[in-house]
Amino acid sequence: MSHEADERLFSTLRADPGFRQLVQAVALGEGFQFLLVISDSLRVLRAALQCLETDAPLVSGTAVSVVFLDPAAAKNGDSSGVLTETQLLDRILAPLVQPPFHFQSESCILVINGATATVADEPAWRALFHRMNERRNTIARRIHSTVLLCLTPSLYATFARAAPDFWSIRSGVITFATPALVPGFTEQRTNNELLDVGRDTTTPWMLASADTLAEAVTQARKRLDALPDDVSAARALLIQLGRWGDSCWMRGDSTGASAAHREAFAIAERLSQADRDNSQWQRDLSVSYDKVGDAEVAAGNLDAARRAYTQSLAIRERLSQADPGNRQWQRDLSVSYAGIGDMLARENQRAEALRYLEQARAISARLAEHDPSNATWKNDLAWVQQRIAGLQ
């Protein structure tokens, strides 16, 4: 960007409520605090951090020191390189668990930069988040300053799934939606390099506020109340409840997430029973089974979770067998195999886990071979290959 564009972005950021919240949290916070900073633009994140380093001392009256934990440096300038789990653990987890002296100063801001993650890097980031989740209490005890984890929306969703207990020590989530900050702002990305490019999870609702998502549920519910026999109104409410439930997960509200996904499940079940030949409604039911399974895992009910995941798998097997050329059904099937395999692996049922994961890998490999430019399919394959390697 030009200097003029930089100044315009800085000015707009400083007027943004999310940025003001970030400055207040950093400047006035005491001791350890963990903040998630989410944006779909690397430039906006960089500008926000630059403004933060300047503005926070003006509020607190004391100087701050920003320290970047940026694993991208391990690629040595090769953007096509792939980060490994070991590199992320060495460059991020190790200094959090065994922090050097200057990391323990309250004037220090530790910035973990996940905004440059590529599709191929995601398995390593997922593994890092899982380990951070395990060591969260140690991190909270040993770090006496602010930690900012900067992520894209896709990697944010990965964090929410891989580190479900980290919310117990996090202080807040701040999002910067680029179009809202700078109308007409564009950022060129090439070769599907960044994690969000081509990903289904990069959707506008993920950057919406909780109030906006709650209002969407309210409006969808009112529409269904007015038109109780309108199946499109029922499905609209199902979709909004799913988004609200996922938002609750990201904010650490497992109770709210469970309630939303169970209500969505009831709608999906009713629609699927009304028309068993409607493949989209059958797919909706399989997704709802997965969401209910996630809620059962969070509640510690692993047997109930396995039953839900198995029901989802059964639906996806039927859909893929009825229409083997439908790549969406094939991808859904691979996700079910991978999810059940991952759950079995966490229960130390290695042989069964590998059986499911190998089926997921076979499907993902076929899809990735069919369209090598599809970032989602490439990511699926990379993740399952790493999971299998970890069990062998």
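Summary table below
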quantity: Hits in the stretch 27-48 - residues which are under 20 Å from F159 (Cβ atoms) and of a type in the set (A, V, I, L, M, F, W, C); calculated: F32, F34, L35, L36, V37, I38, L42, V44, L45, A48
quantity: Matching residues in the stretch 111-168 - criterion: being among the β-branched types (V, I, T) and in contact with a helix residue (DSSP H, G or I) (Cβ under 7 Å, 6 or more places away or on another chain); calculated: V111, I112, T116, V119, T138, I139, I143, T146, T158
quantity: Any chance G341 is surrounded by fewer than 21 Cβ atoms within 10 Å (Cβ to Cβ) and under 23 Å from the mean Cα position of the chain (by Cα); calculated: no
quantity: Residue that is nearest to W329 (Cα to Cα), among those in the stretch 346-384 that are of a type in the set (K, R) and at pLDDT 85 or above; calculated: R366
quantity: Filtered residue count, the stretch 261-302, keeping only those that are in contact (Cβ under 8 Å) with a residue 40 or more places away in the chain, in a helix (DSSP H, G or I) and loosely packed, with under 15 Cβ neighbours inside 10 Å; calculated: 2
quantity: Whichever residue in the stretch 252-290 is touching a Phe, Trp or Tyr at 6+ places or on another chain (Cβ under 6 Å) and among the hydrophobic types (A, V, I, L, M, F, W, C) and, among such residues, is farthest from V217 (Cα to Cα); calculated: L271
quantity: Some residue of the stretch 117-139 being in contact with a Cys (Cβ under 8 Å, 6 or more places away or on another chain) and at pLDDT 80 or above; calculated: no
quantity: Pairs where the first residue, in the stretch 56-83, is assigned to a loop (DSSP other than H, G, I, E, B) and at pLDDT 75 or above and the second is surrounded by 14 or more Cβ atoms within 10 Å (Cβ to Cβ) and charged (D, E, K, R), C-beta under 6 Å, 6+ apart; calculated: L83/D121
quantity: Restricting the stretch 1-50 to residues that are surrounded by fewer than 17 Cβ atoms within 10 Å (Cβ to Cβ) and among the acidic types (D, E), the residue that is modelled with the highest pLDDT; calculated: E7
quantity: Qualifying positions in the stretch 24-55 - assigned to a helix (DSSP H, G or I), closer than 30 Å to T118 by Cβ and touching a helix residue (DSSP H, G or I) at 6+ places or on another chain (Cβ under 7 Å); calculated: V26, V44, A47, A48, C51, L52
quantity: Test: L35 is touching a Lys or Arg at 6+ places or on another chain (Cβ under 8 Å) and closer than 26 Å to R141 by Cβ; calculated: yes
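The values are calculated or read from the model by the stated rules, or taken from the named source; none is laboratory data. Since we're looking at a predicted model, the values are computed, not measured. FYI the Cβ positions are ideal-geometry reconstructions off the backbone, even for glycines, and counts take in every protein chain you see.
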